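Bear in mind that the values in this text are calculations on the coordinates, not laboratory data. For clarity, every value in this text was computed on a predicted model and none was experimentally measured. Methodologically, a virtual Cβ is constructed for each residue, glycine included, from the backbone with ideal geometry; neighbour enumeration extends over all protein chains shown.
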Amino acid sequence: MMNRMEIENKIKEIFFDVFSNLNDENFDWNAKQEDYLNWDSFAHLELMTSTETKFNIKISPEDTLSIRTALDLSNLVESRI
């Protein structure tokens, strides 16, 4: 089983893949969807599918709608694995 740090590292990798302008210096676990210039529905879908693939979990449509920050996504993954 993965620990919290491993989960967080993988979540950051996913965010860095989806949002090319992000890096360790400007990444914020609590930045909301509206704080991102390019977090649109396509980017959201990419975040969810990448997370499902990387962690081998299924994210329900309801859960997808509740994800507003990287921390939300990390907490969801931690509750599923």
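At 222 nm, what helix-only mean residue ellipticity would the chain give, in deg cm²/dmol to the nearest 500, using -39500 (n - 2.57) for each DSSP H run of four or more?
After summing the helix terms and dividing by residue count, I get -18000 deg cm²/dmol.
What is the fewest-to-most order of 11, 81 by other Cβ atoms lying within 10 Å of their Cβ?
Final ranking by Cβ density, sparse to dense: 81, 11.
What does the convex hull of the Cα atoms of the chain come to per residue, in Å³, rounded to a whole number?
Roughly 83 Å³ of hull volume per residue.
May I ask you to work out the translational diffusion coefficient for the range 1-45 at 25 °C, viscosity 0.890 mPa s, via Stokes-Einstein with Rh from the Kirkwood sum over Cα pairs, reported in whole µm²/s?
Using the Kirkwood radius from Cα pairs, D works out to 215 µm²/s.
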